[in-house]
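The values are calculated or read from the model by the stated rules, or taken from the named source; none is laboratory data. A quick note: this is a predicted structure, and the numbers were derived from the prediction, not measured. We place every Cβ from the backbone using ideal geometry, glycine too, and count neighbours over all the protein chains shown. Calculation scope for accessible area: heavy atoms of the full protein, side chains included, ligands and nucleic acids excluded. Shrake-Rupley method; radii C 1.70, N 1.55, O 1.52, S 1.80 Å.
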Amino acid sequence: MNVTSGRPVREVRYSSIANADFREQVINHETDTLVYAMGGLGEIGKNMYCFEHDDEIIIVDCGVKFPESDLLGVDYVIPDYTYLVKNQQKIKALLITHGHEDHIGGIPYFLQQVRLREIHAPRFAKALIEKKLEEHRMLRNVRIVEIDSDSRVKTKHFTVGFFDTVHSIPDSLGIFINTPNGRIVETGDFKFDMTPVGTNADYQKMAYMGQIGVSLLMSDSTNSSVPGSSISEKAVAKAIIERMRKTPGRLLISTFASNVLRLNQILEAAVQCDRKIAVFGRSMENVVDIGQKMGVIDIPAEAFISGNELNTLPANRICIVCTGSQGEPMAALSRIANGTHKWLRIIPGDTVLFSSNPIPGNAQSVGGVINQLTRVGANVITNSTLNSYHTTGHAPQEEQKLMLNLIKPKYFMPNHGEYKMLVQHAETAVETGVPKENCFICSNGDIIVLRNGECFMANERVQTDAVYVDGNDATGLSTSVIKDRRILAQNGLVAVIVTIDSRYNKILCRPSIVSRGFVYIKDNQMLLKDAELVVYDALKKKMQQRTTFGELKNCIKSSLEPYLYKKTNRNPIVIPVILNQKAAIAEIQSKIQKR
């Protein structure tokens, strides 16, 4: 095991300190430029990257992470904003690269805790953020400034420029940051597409940045393990329209609602094939609405039909576009598969096309939806190496190499990816000429220091725990609730019911234990009876002296929990229920009234 700056780290092929001469140096908070991530390192989601110099902080992106299956009842995961709350007077700008949820989804929760004057966002992201803040009734709380590749944001210490990139959503930008200690490029999510739909990447500007010199490159690592280059969106459009022409009956297409350019191509294909379009799924409907208002989706209104019009047209005249490509249980496609959708049931002869690939971790849920669709008679078509119904929005290895060769960074910090992805991206950087010792494999909270054009890892960290959002609660209080849910799911609960007479400090009968999800009661009667005696003996000793209800509850837990673990190797949640004798309650109430 390596020890870096006094704390253990995993052994990796890349030094987390770029220059041994800086090993013992500490941060000079007045003259050094600090780079750290609140989220987005070692994970896919909650991207939030901070750049700090003296009395200024600028932030790039403010996203959420979607919960994994073990986070029961959690809506989103966001970073712990404590450090930024304490230093909110330093925050000068929040800059958004593009409008995906893992880059803008955390904004409402961030604004609950931090006062911001302005958010700088590209055109389509601005519309999505305004919609989001309107739903949270926070639109008046902050000004949203539209930016493009020609915009500049200038503060006392930072000068920020932007450059066009290609991604699966319109108006995607990379960010170029001039600091007092060197130049930083943060690519945002990107790919290179030689025949893109929409704006092309600004190769000239990227090459110019590489010529003038970039100290640190932070680059999207999502597809760092994928060799080669990505398929063009135009190839996907061609494959979809060919499939649509060949399909004899109704065609249902499910894709990411946020992939606006793909969605527009599907709608254009439907119009060309003389099919009427029905859109299902709240997020899909919102994106279509915003896309039409902004001119990104240019489809005549008469091409759309409502759900109650589906039965008025021949099957070969209908195209249905819906959410649910990732097997989400409440999304439109899952409800259609299960026969619970308000307007639509699968009929034999329907074709369902997945214009997407499962996100890692979603394969099982997607497979369940595919099986159910097939069971009810649909012909299901998924993306594979034999067709081109989907292409990624993230650069594979050859496109990552192109970015590295254009920018020519002195130091490299892979971001936006799980740990293995970061390491693999660093290996790619070394292949293009970045020295191995100049590659930083960081975790959320690690601080990279820029000093006079050189980079090194600091011996300090920023607090960056994950916060679970349950409903609209972003305070972190839900974190303890999630822990309880996990215990309930794995170990169950035990309720201990005790009846006492507080007037005489006396237990009126032996405690009663009720179990749910802990043990099979029929086979464990003796265990529960012995547990009742353990609690009874502990309470009798405790009640030989004056005590309180809180102390009695602690006594029940402290006596019962070790006993149950010793007997079963399980730690259920223990819930003490203390019932006071009616006469004792009446006496207490009369005393209170006399006061």
- Number of Lys pairs in segment 143-299 closer than 25 Å at Cα, excluding neighbours under 8 places apart unless interchain, is 13
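Accessible area per residue, 1.4 Å probe, Å², for segment 155-203: what's the number?
With the other protein chains kept in place, segment 155-203 gives 27 Å² per residue.
Using unit Cβ charges (K, R positive; D, E negative) and no other charged atoms, how large, in debye to the nearest 20, is the dipole of the chain about its Cα centre?
Numbers: 69 positive and 63 negative charges, 561 e Å.
Computed about the Cα centre, the dipole is about 2700 debye.
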- Per the rule of 0.36 nm per residue minus the C-alpha distance, extending T548 to Q204 adds in nm 116.4 nm
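Ranked from highest to lowest mean number of other Cβ atoms within 10 Å per residue, what is the order of the peptides 119-132, 484-497? Numbers along the way, then the final one.
Working: 119-132: 21.6, 484-497: 16.0.
Result, highest mean Cβ count within 10 Å first: 119-132, 484-497.
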- Message: In the chain, if the dipole is taken from +1 on Lys/Arg beta carbons and -1 on Asp/Glu beta carbons about the Cα centre, which of G213, G377, I407 is farthest to the positive end?
- Response: G377
- Note on the structure: Taking a probe of 1.4 Å and leaving out DNA, RNA and ligands, segment 409-567 shows per residue an accessible area in Å² of 50 Å²
- Query: Where does each of 429-439, 447-457 land if you order them by average Cβ count within 10 Å, highest first?
  - Reply: 447-457, 429-439
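Report the extension gain between N311 and E460 in nm, rounded to one decimal, defined as 0.36 nm multiplied by the number of residues separating them, less their alpha carbon distance.
Details: separation 149, 0.36 × 149 = 53.64 nm, distance 6.42 nm.
Value of the extension gain: 47.2 nm.
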- Item | Formal net charge of residues neighbouring N554 (Cβ-Cβ distance under 11 Å; K, R +1; D, E -1) | +1
- Message: I need the Debye-formula profile for the chain: one equal scatterer per C-alpha, no solvent, reported as log10 I(q)/I(0) at q = 0.05, 0.08, 0.12 1/Å, two decimals.
- Response: -0.30, -0.70, -1.15
- Would you compute, from DSSP H runs of 4+ residues alone, the mean residue ellipticity of the chain at 222 nm, taking -39500 (n - 2.57) per run and dividing by the full residue count, rounded to the nearest 500? -9500 deg cm²/dmol
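Is segment 183-271 rounded, prolate or oblate when judged by the Cα gyration tensor, a ≥ b ≥ c being the square roots of its eigenvalues, rounded requiring a/c under 1.5 and prolate requiring a/b larger than b/c?
Details: a/c = 3.04, a/b = 2.61, b/c = 1.16.
Taking the square roots of the gyration eigenvalues as a ≥ b ≥ c, segment 183-271 is prolate.
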- Item | Using alpha-carbon coordinates, inclination of helix 203-212 to the longest axis of the chain, degrees | 80 degrees
- Query: What net charge do the residues around S254 carry, taking every other residue with its C-beta under 15 Å from that of S254, with Lys and Arg at +1 and Asp and Glu at -1?
  - Reply: +2
- Determine the shape class of segment 64-201: with a ≥ b ≥ c the square roots of the Cα gyration tensor eigenvalues, call it rounded for a/c under 1.5, and otherwise prolate if a/b is greater than b/c, oblate otherwise. oblate
- Message: Tell me the carbon and sulfur percent of the accessible area for the chain, rounded to whole percent, probe radius 1.4 Å.
- Response: 49 percent
- By its C-alpha gyration tensor, with a ≥ b ≥ c as the square roots of the eigenvalues, how is segment 85-153 shaped: rounded for a/c under 1.5, else prolate for a/b larger than b/c, else oblate? oblate
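Expressed in nm to one decimal, what extension gain is obtained for the pair C509 and N379 from 0.36 nm per residue of sequence separation less their Cα-Cα distance? Working shown, then result.
On the way: separation 130, 0.36 × 130 = 46.80 nm, distance 6.52 nm.
Once the chain is fully extended between C509 and N379, it gains 40.3 nm.
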- Query: Which angle between 0 and 90 degrees, to the nearest 10, do you get for helix 123-135 versus the longest principal axis of the chain when only C-alpha atoms count?
  - Reply: 20 degrees
- Message: Using amide H atoms built in the peptide plane, which far-off residues or other-chain residues are under 5 Å from N223 H to H?
- Response: A395
- Message: I'd like the orientation of helix 525-542 relative to the chain: the angle between its Cα long axis and the longest Cα principal axis, in ° from 0 to 90, rounded to 10.
- Response: 70 degrees
- Note on the structure: Other residues with Cβ under 10 Å from the Cβ of A93 give, with Lys and Arg +1 and Asp and Glu -1, a net charge of +1
